[in-house]
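What follows is a set of notes on a single structure, which appears directly below.
The values are calculated or read from the model by the stated rules, or taken from the named source; none is laboratory data. Only a predicted model underlies this, so the values are computations on that prediction, with no experimental measurement involved. Positions of Cβ are generated from backbone atoms using ideal geometry, with glycine treated the same way; all protein chains shown enter the neighbour counts. Quick note on the areas: whole protein, heavy atoms, side chains included, nothing else; ligands and nucleic acids left out. Shrake-Rupley method; radii C 1.70, N 1.55, O 1.52, S 1.80 Å.
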Amino acid sequence: MALAPAPIATDNPWNEDETTSPDPARPGLQPYSMTAAYWALFVIILATFITFFEQVVFAMLAERIKADFGLSDSQLGFLAGPASIICYLFVGIPLARLADIFPRKYVLAGGCAALGVITSLGGIAQTFGQFVGTRVFLAAGGSAHAPSSYSLLADAFPPRILTRAFALLQFGFIGGTTLGPAIGGLLIATAAGWAPTEHGGLTILGWQWLMIWLGLPALLVALLFLTIREPPRQTPPIGSITPPADASLGRRILTFTGLDAARAIHAKRRVYYPLFAGLALSAIEVFGLQFWRVPFMIRTYGWNEAQIGAVMGSLTLLASLTGLLLGGIFVEWLAKRHADANVRAAAIFFGCVTICAILAPLMPNGYASLGVASFGAMFGIAGAVPQNAAIQRVAPNAMRGQVTAIYLFMFTFFGAMGSFLVGLVQDYVIGDPSQLWKSLVLTAGVLLPIATLCMVRAIRPYREEVERLAAEVA
């Protein structure tokens, strides 16, 4: 597994043995053990699993949602994408600010509980508008998850093994994206035979019961978050942009808008801007093309959800595990030679994902298409760990939550717009529903090469920033 670069703070609240010692600069802090750190990581992995499991199953329901609600491809793309980020535009950054000023375990517990309730409400939607409403508020529940999780893990684990923690975190993604197709496909096939039921004046379709049940595990995980010990926060490094201690109420409110985080990002724009742009454009494949993969398989090769889930689940599992191994070995090898190993590796993997995303829809049969797509998933997983670690490496500690939130907002926003963009291209450029593969090739062929170039542009400024931080610590 790859090793993280040098610490980003000037003090270190950890002892890398089984238990830790209190920070002498902050004598009130209790020791934080590695047992507590790994328990926190385990619960975060569970929450991540549930999030991605729900997303995958929802994507597998796409053709049934389209048929039962009478949607066009652009409406379906809107439901999967922009509908889920409208609320994020207004509450994502402010909620992420909570991760910087309140115990993160409470932020995570509240977000997970909201996620479960809102997911279940989607199961009783009666109209397209109501369905859009549930997806809108779904983002509110999940918007603080990644910033809070990343911030908590960065304080719970020593810098030497932080990348290892982020690698283990990928098992939540792997579990959701592999069990989602396999289990989701079987559940959808089973629910296909269920007749609509009437409850309290509501008509609940067979597949809607799946959404109701999907929300329940999130409530249990929300309770598990309350058992986590909150790790001590690292002190802000010298030069961090933070609001003055005697700032007015209005000035403090502005911090919830991401103002200070935006200033910090702009101050290091040569580092952040290409990283953000590369991540945003690559999200087209992750959220956009991934959402349309099941409809593509149904329309192009005539497969059903159960067939797709059985093959895609096993291939994704193999690809994800291989990707973690590949990414760890490759980044560790690069780290011995380059200070910019994280971004350099991400750029290389971006290029590989681009090739696979373009080729997958062109394959002559469904097995070959899913096989090529699984290689893309492997390279995507391999690049995810160094990519996330790169941002945590250079983000100011005092506003790491909001910097991460802005970074992930780019990923979420453009990923969501990707599913909508494919729907628009399909409706207004291609036109023929059976030719969905053309829309996938077109969007991937235009946007993903640009994303790769952005990551290449980020290598040099990232290396210079890492060397500067290392010099400050020394």
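So that you can scan it fast, the table gives a plain yes or no per residue for (1) at pLDDT below 80; (2) under 30 Å from Ala310 (Cβ atoms); (3) buried (at least 23 other Cβ atoms within 10 Å of the Cβ); (4) among the aliphatic types (A, V, I, L, M):
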position: Ser149; (1), (2), (3), (4): no, no, yes, no
position: Thr163; (1), (2), (3), (4): yes, no, yes, no
position: Ala182; (1), (2), (3), (4): no, yes, no, yes
position: Leu202; (1), (2), (3), (4): no, no, no, yes
Just one of the numbered conditions (1) at pLDDT below 85; (2) touching a Phe, Trp or Tyr at 6+ places or on another chain (Cβ under 9 Å); (3) open to solvent by less than 30 Å² (accessible area, probe 1.4 Å); (4) over 24 Å from Leu436 (Cβ atoms) is not true of Ala109; which one? (1)
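Is it true that Thr452 is at pLDDT below 85 and either more than 29 Å from Leu324 (Cα to Cα) or open to solvent by 10 Å² or more (accessible area, probe 1.4 Å) (or both)? Steps first, please.
Numbers: at pLDDT below 85: no; either more than 29 Å from Leu324 (Cα to Cα) or open to solvent by 10 Å² or more (accessible area, probe 1.4 Å) (or both): yes.
For Thr452, the condition - at pLDDT below 85 and either more than 29 Å from Leu324 (Cα to Cα) or open to solvent by 10 Å² or more (accessible area, probe 1.4 Å) (or both) - is not met.
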So which residues in region 318-342 are touching a Leu at 6+ places or on another chain (Cβ under 7 Å) and crowded, with 24+ Cβ neighbours inside 10 Å, if there are any at all? Ala341
State whether the residues of region 83-102 include one that is closer than 25 Å to Val394 by Cβ, at pLDDT 70 or above, in a loop (DSSP other than H, G, I, E, B) and open to solvent by 20 Å² or more (accessible area, probe 1.4 Å). yes
Over region 122-137, the set of residues under 20 Å from Thr51 (Cβ atoms) and touching a residue at least 40 places away in the same chain (Cβ under 8 Å) is Gly122, Gly123, Ala125, Phe131, Val132, Arg135, Val136, Phe137
Output for Cβ contacts, cut-off 6 Å, separation at least six or different chains, first residue over 14 Å from Ala390 (Cα atoms) in region 157-173, second open to solvent by less than 30 Å² (accessible area, probe 1.4 Å) and small (Gly, Ala, Ser), reads Phe157/Ala37; Phe157/Ala165
Consider Trp303 against the criteria (1) of a type outside the set (A, V, I, L, M); (2) more than 28 Å from Pro461 (Cβ to Cβ); (3) assigned to a helix (DSSP H, G or I): it satisfies all of them except one. Which criterion is unmet? (3)
Looking only at region 166-175, filter to residues that are in contact with a Phe, Trp or Tyr (Cβ under 9 Å, 6 or more places away or on another chain) and closer than 14 Å to Ala146 by Cβ; which one of those is surrounded by the most Cβ atoms within 10 Å (Cβ to Cβ)? Phe166
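Listed here are the residues, each with its yes/no results for (1) at pLDDT 90 or above; (2) under 30 Å from Pro433 (Cβ atoms); (3) charged (D, E, K, R).
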residue: Gln307; (1), (2), (3): no, yes, no
residue: Leu315; (1), (2), (3): no, yes, no
residue: Lys336; (1), (2), (3): no, no, yes
residue: Ala341; (1), (2), (3): no, no, no
residue: Ala389; (1), (2), (3): no, no, no
